[in-house]
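What follows is a short report on a single structure.
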Amino acid sequence: MIIYGTRGMESRAQGGTFHCPRCGQGKTYDSVQVRRWFTLYFIPLIPLQVAGRYIECKGCSATFDESVRSYDPEAANRKFRATFEPAMLRAMAAMAAADGVIDDRELETIALIMTKISGNGVEIDEVKAVIGPDLSKKLSLERILRDVSGSLSDDGKAMVLHALMLVASADGTVAPEEREALTRAGKVLGLRRNDVDRLLAA
């Protein structure tokens, strides 16, 4: 009886350096190619088509698509901040406007938080410009958070909700409208209800 078939075999070549998403830093990698071979009695004899290619981090042994080699963490961070910082400012402005009354202490809190997030001084006038003069056309907190929640880690989502809580409580009390907005915000961010309730209770 003749036994034949195909099997995949890996071949490795030393690569260069890349930013490993798992290690979070620059690492060396191997370039791995998987080619199918025709086998006779389980012995590979004839090379067939290439089945795939990937790279393997020599630090953590994680494997990634070849496109990861072009990943630039600094460029990705700049792109993220360019989207996140304006969204965060709008989200806190929407939180301040949730009860229909904007307190100067809320504005000051927003400016302080944005200064810490961006590393640049943010003035109260910038916050007022985002809120606008007509509170009847409120910013949609849920829509703002939905647009950025997918790019946030669990810790990042908790940080966002905590910042919103600081804004809501800046005037010394959290109005029912603000509490409801915080609950909806936690849901949009995908946080567990128990975690949201714990923050609100604090």
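Taken together, the values in this text are just the output of simple stated rules run on the coordinates, not laboratory data. As the structure is a computational prediction, the values presented were derived from the model and not from experiment. In this analysis, Cβ positions are derived from the backbone assuming ideal geometry, glycine residues included, and neighbour counts consider all displayed protein chains.
Placing unit charges on the Cβ atoms only, positive for Lys and Arg and negative for Asp and Glu, gives segment 56-202 a dipole magnitude near 400 debye about its Cα centre.
For segment 1-124, a simple Cβ point-charge model (Lys and Arg +1, Asp and Glu -1, everything else neutral) yields a dipole of about 1000 debye relative to the Cα centre. Placing a pseudo-label 7 Å from each Cα along the Cα-to-Cβ vector at Ile46 and Ala62 gives an inter-label distance of 4.1 nm. As a length-normalised measure over Cα pairs under 8 Å and 6 or more apart, the relative contact order of the chain settles at 15 percent.
With contacts taken as Cα pairs under 8 Å at a separation of at least 6 residues, segment 64-155 carries a relative contact order of 34 percent. When you filter the GluC sites (Glu not before Pro) in segment 105-186 for DSSP loop state and at most 13 other Cβ atoms inside 10 Å of their Cβ, you are left with Glu123. With neighbours defined as other Cβ atoms within 10 Å of a residue's Cβ, the residues Met9, Met92, Met114 order from fewest to most as Met9, Met114, Met92. P(r) for segment 146-195, from all Cα pairs and a bin width of 5 Å, is 4, 22, 32, 23, 13, 6, 0 %, short bins first. Take the Cβ atoms of Val101 and Ser153, set R0 to 45 Å, and the FRET efficiency comes out at 0.85. Can you compute log10 of I(q)/I(0) for segment 22-151 with the Debye formula, treating each Cα as one identical point scatterer, at q = 0.12, 0.15, 0.23 Å⁻¹? Those come out to -0.66, -0.82, -1.29, one per q.
Based on every Cα atom in segment 76-202, Rg and the maximum pairwise Cα distance Dmax equal 13.5, 38 Å. Across segment 94-202, Cα pairs under 8 Å and at least six residues apart give a relative contact order of 34 percent.
Measuring gaps between exposed loop sites in the chain (trypsin sites (Lys or Arg not before Pro); DSSP loop; at most 13 other Cβ atoms within 10 Å), the longest gap, sites not included, is 23-136.
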